[in-house]
2 protein chains.
Amino acid sequence: MSSDEKCIQTVRGLSVDIVQKANSGHPGMPLGCAPFAHVLWSDVMKYSPTEPQWFDRDRFVLSNGHGCALLYAMLHVTGYDLSMDDCKLFRQLDSKCPGHPESFVTAGVEVCTGPLGQGISNAVGLAMGEKHLAAVYNKPDHEIIDHCTYVICGDGCLQEGVASEASSLAGHWGLGKLLVIYDDNHITIDGDTNLSFTEDVTKRYEAYGWHTITIEVPGWEDAKGSCNVGPLREAIKAAKAVTDKPSMIKVRTMIGVGAPNAGSHSVHGAPLGKNMEATKKALGLNPEKTFDVEDDVYAHYDNKAAGKTLVEEWNAKMAKYTSAFPAESAELNRRIAGGLPTDWKEKFPTYEDGTQKATRQYSQDCLKAMGGFPEMVGGSADLAPSNLTEPGGGDSGDFQKGTPSGRYVRFGIREHGMAAICNGLAAHGGFLPYCATFFNFMGYALGASRLSALSRFRVLYIMTHDSIGLGEDGPTHQPVEMGISMRAMPNMNTWRPADGRETVASYQSAIENMHTPSTLCFSRQKVPCLVGSSVENALKGGYVLSTHGGDKPELVIVSTGTEVCICVEAAVKLAAAGKCVSIVSMPCTEIFDAQDKAYKMSVFPAGIPVMAVEAWAAHGWERYSHTQLCMRGYGASGPLKSVYEKFGFTPDIISAESEKVISFYKGKPVTHLMDGPDMFQAVYKH
Amino acid sequence: MSSDEKCIQTVRGLSVDIVQKANSGHPGMPLGCAPFAHVLWSDVMKYSPTEPQWFDRDRFVLSNGHGCALLYAMLHVTGYDLSMDDCKLFRQLDSKCPGHPESFVTAGVEVCTGPLGQGISNAVGLAMGEKHLAAVYNKPDHEIIDHCTYVICGDGCLQEGVASEASSLAGHWGLGKLLVIYDDNHITIDGDTNLSFTEDVTKRYEAYGWHTITIEVPGWEDAKGSCNVGPLREAIKAAKAVTDKPSMIKVRTMIGVGAPNAGSHSVHGAPLGKNMEATKKALGLNPEKTFDVEDDVYAHYDNKAAGKTLVEEWNAKMAKYTSAFPAESAELNRRIAGGLPTDWKEKFPTYEDGTQKATRQYSQDCLKAMGGFPEMVGGSADLAPSNLTEPGGGDSGDFQKGTPSGRYVRFGIREHGMAAICNGLAAHGGFLPYCATFFNFMGYALGASRLSALSRFRVLYIMTHDSIGLGEDGPTHQPVEMGISMRAMPNMNTWRPADGRETVASYQSAIENMHTPSTLCFSRQKVPCLVGSSVENALKGGYVLSTHGGDKPELVIVSTGTEVCICVEAAVKLAAAGKCVSIVSMPCTEIFDAQDKAYKMSVFPAGIPVMAVEAWAAHGWERYSHTQLCMRGYGASGPLKSVYEKFGFTPDIISAESEKVISFYKGKPVTHLMDGPDMFQAVYKH
């Protein structure tokens, strides 16, 4: 048995043992793709298992994340902090080997994969990040940023629209250091790919501007023959020689090779069980043994020493770079460490009471103020003039194939790909990625934005045209429920600022929360800077903006965004009619929820009914309010004023409703909604 | 001026007047694409303006829906129920000409477009529907189903992943009667398409299996030259001659042709304003006149008489068909009318108390029972064996290129395209479309499922693996917030049945609600059929399942799905400890919300605290409950039992929490949450 073969069969054996012990998981892909992993980790990738965060490492993404038994096996044999005991806890609660790769759990895992199409799209962001940083920081004879991004992916990822979007951009940007190995195994869960996937994949990728290579090696359909990795090594070499295009190497493989049910969908997602013995025999392994890695295999893969050397060499390069370019080095090191620019908060604008702008314009002011932050890389899904994310004060230039040092990203009309690419930038490190579209089209990107939140990636989602207030474009463009989706998403802060100061707070919060993405919702229409608003108060998520008609409120109105100023007008009317009402502005419910109980009870005092007013669906407002004036259906196409009037968001209607609420609750018990029992809570690693 | 030219320039003039009068909208696309519309409505499409729902009409989809001034102009001049006064109310509240096309508002509009990528994907569903019905109902010499689907789309739609997914399927299925005219104008909102979209689009479509034609006519860059529609007529003829592949005709156009700022993004999305006069002159029109259509132009386009003849001819064909094939004709006519099969409810399964199945298995039973409904066409995004949507009792066969009469659809791993295609099937008429995936990946399809709801399309979303209960696959696959997203979406019913009877109710409700899509959430894990559950009660959305420990409950526990049976166990424990607790099962909050107040107050009696228990995020439960035992973060990878224990969903924890809640509220006022003031509500056409 050749060394290649022994190593590959050992990894296969370990992978299927991992799945078997868990009695859950996917053996088919590890059996089929072990040769890819073997070549990548043995001969191709540069990495240091003891310093998994080494900045100039090659990035590896297992896009078909269900095959992660293979990834855990490789991390174990190459020397990462993943013991054989860890491998034996695959898919058990709180183990280092969860059912799909989780970047915040396992050293050596770059991104969370499993949701198909995301990994390859994240990889586009990883490769983009490298290209940009290399362009910004490398100097002649100082190639301090120089790494590749490798992906293994299957049919599933290539059918997903998000991958199409990101791949088109990868071709457009000419990401020559991105290499995808496509596991063309002809099998999906339903059966043969002929059932639903008969397109010419490599032709499509060529249309995107990729370089493609197809490998079909005789013998690869059996366990032994598939250890003939020479053609793959050659293909990788050829792919790396093409530096102006991303590369795809399509390899005809056999899912579950070695197993009696190889080549069938039955080997995809269930432990081998009674087929284990036959499989081990076909692999040339001893069926009596499990979790068995012989010393020579460990010796082959162990990359601890070699990795350490790589890191030391790079540190030496960095030391020279630091001598020659101290400012650049300091900046890069700050970015790598995730620190913020000195005095960054001082750059934000301040506003006089009564300033009139759309919150998207206040947002533009903030983006301009942050224009000099080199880590701010992002853009819009072809809505720069509407989202107001176009390059302004920063003169950052476009990130394009020929100008990779540019920081403004033209994502095209590809919301899902955009968000997934931003996740890749966040995963790469050194970035504060942001992306923008109309808020309603956050719904196109939800698959990726959820992964920002789960993965703890600080991505800024700048979402303008945040409600029915956009007017004429009508209900196809008017979000009413999207805000609820974002608020319900764990570890995603959802901001809807009422004015300029709250907008500043939203950006400051989004930037400071290093492990939480934020969705910043901004208006198309103008609102005044409000008497009583402040950055400091807004950073508490919710606060008493003002009280009208005395100091003993009979009603609290809680509101957000563009509706707050209308509620203030209503309160002024009510005060004139002898009612006392206080206005709570609540730009971020998640951050308000995190305040202590005493503060929350001070904002919503005992015994006073609360009415929520927001031009979004009511769901969730019942947490803070006894009644709601919210959207109960979709919006409508029409000028802003007529639309707001139709749905009740005018001072007249709000004041009339307020009177109704005050009289309804007069003499009735009013539960203090902030004062419930402390309930059982368990949170998974967040 | 030729007749073609006069007609085209008149339509252009009318379109830009429509936008100008609204002082809002998009003139660039109508100017550029008017020749397409002219040829389609004059020479190509079969339709009857006075019978816009005629079943065998050709379908037209304006995928770049922002250009709808052109569509409204065409509907007006050809004789649809859309007067010049209607045109003048473009983008005004409650007009027939909303800011983007709305199928439920305007006769002649097939689908809601505007959200890019959806229209072309809906068109795949429309063409699929035709192909299927033709295969099922046509007989030799009786071609009663024979129509085409025409699409105009721009760069935006072709960049979106949803269009990639649907287009790949269109090629796979060989939808020869689908024809897309691609408005290749080189401009998006950000500027030249070179900024972000440099792929070879026709090559990509060829890779999908499409037939493509490229037209670049000298002179098309000016107002007059672009009226030379001969090459387009020829291309359409050539495209229609290819019957085994969908066709794309790419036409190099000039956005805003005729306007001084033609060819620039500034002509895309703002009224012409001061450029109006010059534009009208360039078009050869009198700038003094607005909304001006001369009699000969009306005469050219007027299709009322010709359309009536077409319908009469078809009716005659149908009469012959009915004589020859009375059973088929009756069935087809029932489907066209949207009626349900006779005695359809009787086909559903019944269950004994204690039957143990996963709700996805109860769902499978229902799907099998409905297997004989010929209008049930749908499938899964490559998860047939997990979603349990595989062909069963119905023996419906696969819908494939060679077997278009099959009813089971292999969508591949394309959730967003799948949902958009189902919208197309619903829009076509004659179908009860359904689609399936893991519930968490509903997030990939949200852009399309929102349009099911807005468009009032009865699409069934069969979503299995509905919570952390899926166990080992972990948080990347465990929905915790998706249910909240769906509940917050107007006109979408979200079901989470607790057992077999509630599952039957969910299907019955989904089928009976002709203008509302439903999301049916099913479990991977087994649950018993519960004592006290019934189809009838479940159809009220929420009901008292059982009361334990007496008949004067101290606490109401409201729960859904797989948590209900755990709550029952908890209540039994509590009863043993001398507490009286009632259990409310709430499989569909939206339907419960629609019940009358008296019923709701009977389910949640005054003065009794309510605790909600659900393995989803808490948002929205505050509407019904004073406190919640819900998910406060993401789930975790592990065996079901350990995961449920970690997050508190066990009889022990629920009973302990219940005791805590009872003692917390003892002696405190408890607001009756169902008894608030009646608030202002306005709903737009729903």
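The values are calculated or read from the model by the stated rules, or taken from the named source; none is laboratory data. These figures come from a predicted structure and were not determined experimentally. For neighbour counting, all protein chains shown are included, and Cβ atoms are generated from backbone atoms with ideal geometry for every residue, glycine included.
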When (1) among the polar types (S, T, N, Q); (2) over 23 Å from residue B:523 (Cα atoms); (3) in the same structural domain as residue B:414 (by TED's automatic domain parsing) are applied to residue B:380, the one that fails is (2)
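Quick test for you: out of A:596, A:678, pick the one residue that is under 30 Å from residue B:475 (Cβ atoms) and out of contact with any helix residue (DSSP H, G or I) (no Cβ under 9 Å at 6 or more places or on another chain). Explain how you work it out, then say what you get.
On the way: A:678 fails: out of contact with any helix residue (DSSP H, G or I) (no Cβ under 9 Å at 6 or more places or on another chain).
Unique residue meeting the criteria: A:596.
Looking at the stretch A:303-410, what strands (runs of 3 or more DSSP E) fall wholly within it and have at least 1 residues that are of a type in the set (D, E, K, R) and surrounded by 14 or more Cβ atoms within 10 Å (Cβ to Cβ)?
Ranges flagged: A:356-358, A:408-410.
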Filter the stretch B:446-479 for residues that are in a loop (DSSP other than H, G, I, E, B) and facing another protein chain (nearest Cβ under 9 Å); the one that is surrounded by the fewest Cβ atoms within 10 Å (Cβ to Cβ) is B:477
In the stretch B:217-238, residues that are of a type in the set (Asp, Glu) and either under 35 Å from the mean Cα position of the chain (by Cα) or within 14 Å of another protein chain (Cβ to nearest Cβ) (or both) total 1
Just wondering, is there one or more residues in the stretch A:282-301 that are among the basic types (Lys, Arg), under 25 Å from residue A:26 (Cβ atoms) and either in the same structural domain as residue A:220 (by TED's automatic domain parsing) or not in a loop (DSSP other than H, G, I, E, B) (or both)? yes
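Any idea which of A:406, A:443, A:429, A:402 is within 14 Å of another protein chain (Cβ to nearest Cβ), more than 28 Å from residue A:501 (Cα to Cα) and out of contact with any strand residue (DSSP E or B) (no Cβ under 7 Å at 6 or more places or on another chain)? Full working, then the answer.
Details: A:406 fails: out of contact with any strand residue (DSSP E or B) (no Cβ under 7 Å at 6 or more places or on another chain); A:443 fails: more than 28 Å from residue A:501 (Cα to Cα); A:429 fails: within 14 Å of another protein chain (Cβ to nearest Cβ).
None of the others qualify; the one that does is A:402.
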Taking the stretch A:576-611 and the residues there that are in contact with a strand residue (DSSP E or B) (Cβ under 9 Å, 6 or more places away or on another chain) and facing chain B (nearest Cβ under 10 Å), the one that is surrounded by the most Cβ atoms within 10 Å (Cβ to Cβ) would be A:611
Output for Cβ contacts, cut-off 7 Å, separation at least six or different chains, first residue under 25 Å from residue A:485 (Cβ atoms) in the stretch B:488-510, second surrounded by 24 or more Cβ atoms within 10 Å (Cβ to Cβ) and of a type in the set (D, E, K, R), reads B:488/A:481; B:489/A:481; B:489/B:450; B:490/A:481; B:494/B:487; B:496/B:466
>> Please verify whether residue B:606 is over 25 Å from residue A:488 (Cα atoms) and under 37 Å from the mean Cα position of the chain (by Cα), treating the condition exactly as stated.
In response: no
Reported set for the stretch B:480-489 where residues are more than 7 Å from chain A (Cβ to nearest Cβ), closer than 22 Å to residue B:527 by Cα and among the aliphatic types (A, V, I, L, M) is B:482
A careful count of residues in the stretch B:185-200 that are surrounded by 21 or more Cβ atoms within 10 Å (Cβ to Cβ), in contact (Cβ under 8 Å) with a residue 24 or more places away in the chain and either within 30 Å of residue B:146 (Cβ to Cβ) or of a type outside the set (Ser, Thr, Tyr) (or both) gives 4
Self-check item: residue B:669 within 39 Å of the chain's Cα centre (by Cα) and modelled with pLDDT under 95
Solution: no
When every residue in the stretch B:207-245 that is hydroxyl-bearing (Ser, Thr, Tyr) and in a loop (DSSP other than H, G, I, E, B) is compared, the one surrounded by the most Cβ atoms within 10 Å (Cβ to Cβ) is B:208
Over the stretch A:411-426, the set of residues within 13 Å of chain B (Cβ to nearest Cβ) and part of a helix (DSSP H, G or I) is A:415, A:416, A:417, A:418, A:419, A:420, A:421, A:423
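Does residue B:527 fit the bill of being assigned to a loop (DSSP other than H, G, I, E, B) and touching a strand residue (DSSP E or B) at 6+ places or on another chain (Cβ under 8 Å)?
Numbers: assigned to a loop (DSSP other than H, G, I, E, B): no; touching a strand residue (DSSP E or B) at 6+ places or on another chain (Cβ under 8 Å): yes.
No; evaluated as a whole, the condition is false for this residue.
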Subject >> Condition met for residue A:255 (at pLDDT 95 or above and under 30 Å from residue A:56 (Cβ atoms)) >> reply: no
Please verify whether the stretch A:636-657 includes one or more residues that are crowded, with 20+ Cβ neighbours inside 10 Å, within 31 Å of the chain's Cα centre (by Cα) and not β-branched (Val, Ile, Thr). no
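Rundown of residues vs (1) at the interface with chain B (Cβ under 9 Å from one of its Cβ atoms); (2) within 30 Å of residue A:476 (Cβ to Cβ); (3) not aliphatic (A, V, I, L, M); (4) not in a helix (DSSP H, G or I), yes/no style:
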{"residue": "A:635", "(1), (2), (3), (4)": "yes, yes, yes, yes"}
{"residue": "A:638", "(1), (2), (3), (4)": "yes, yes, yes, yes"}
{"residue": "A:643", "(1), (2), (3), (4)": "yes, yes, no, no"}
{"residue": "A:656", "(1), (2), (3), (4)": "yes, no, no, no"}
{"residue": "A:661", "(1), (2), (3), (4)": "yes, no, no, no"}
{"residue": "A:664", "(1), (2), (3), (4)": "yes, no, yes, no"}
{"residue": "A:668", "(1), (2), (3), (4)": "yes, no, yes, yes"}
